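Only one structure is covered here, and it is reproduced in the block below.
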Amino acid sequence: MSPLRLDLRISDFPTTLLLLPLEPFLLLPETALPVTLTDPLSLAILDAALAEDGLVGVLQERGPGGGFYSVGCLCHIIDLGRSEEGHQVVLEGLVRFRILEELPPAAGGVPRAAVSYDEFAGDLTAGEEEPPELNLDLLKEKVVDFGRKNFGTAGILETMSPRQVILFMAQTAPFTPAEKQALLEAPGLRELVDRLTQLLSLNFLTTTPDTTPPSTVN
């Protein structure tokens, strides 16, 4: 868990957020994502967020003209500076939010919204031990075995804890935006594991998939 999340409360977070659309990765609470931003709008959003409190709401776009999905992840920006490649940062996921109302853009066309964190308060205690019946070790074993069989190695996944493997796969696997949004909106770790297992089974792993219909995302 990021040290920034220790002792944080919902009341500590801003109720109006600048919004940073991010593709192709998914940002979840408890994770840190290094990215290099290059396009003018993303750079303007980053500059505006760093000039305020260093916080920004990361979320996905539905597609051209489709607006934003209504659930995203508040993150703290660690600024690594600019290079020829772009502006390098690490985004630390803190807590999920739901958009209540999209607001008129800030200067430079920076998108922003009024948000609520109430339904995701459990994210702030997500580092607690997971129930043993989730059997995260088995899912890690399947993911690692898949990597070894198809690529000769599972790389860094072999050294991660089962919980870290779950979050890493949810964050980086090449799912569709709707599939990634379903993972982001999972109410808790149990539902995240169920949805991730189903998606990995359908797309990559040789297992019998859960036939539960995918969750509706907003």
Quick shape check on region 1-63: root eigenvalues a ≥ b ≥ c of the Cα gyration tensor, a/c under 1.5 is rounded, otherwise prolate if a/b tops b/c, else oblate, and it reads prolate
Stretchable slack from A114 to E23, in nm (0.36 nm times residue separation minus alpha-carbon distance) | 30.6 nm
Can you pull the three principal axis extents for the Cα set of region 52-110, in Å, largest first?
-> 33, 24, 22
List the aspartates and glutamates whose alpha-carbon lies under 20 Å from that of K180, not counting same-chain residues fewer than 8 positions away?
-> E23, E30, E61, E92, E119, D123, E191, D194, D210
Any idea what the alpha-carbon Rg over 2.2 N^0.38 Å comes to for region 1-119?
-> 0.99
Pair T176, T16: separation of 7 Å Cα→Cβ label points (nm) = 3.7
Surface per residue (accessible, 1.4 Å probe) for region 16-98, Å² = 41
Contour minus end-to-end for D39 and R82, with contour as 0.36 nm per residue of separation and end-to-end as the Cα-Cα distance?
-> 14.2 nm
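The values are calculated or read from the model by the stated rules, or taken from the named source; none is laboratory data. The structure presented is a predicted model; accordingly, all values stated were derived computationally and were not measured. Note that we place each Cβ from the backbone using ideal geometry, even for glycine, and neighbour counts take in every protein chain shown. Remember, those area values only see protein heavy atoms, side chains included, never the ligands or the DNA or RNA. Shrake-Rupley method; radii C 1.70, N 1.55, O 1.52, S 1.80 Å.
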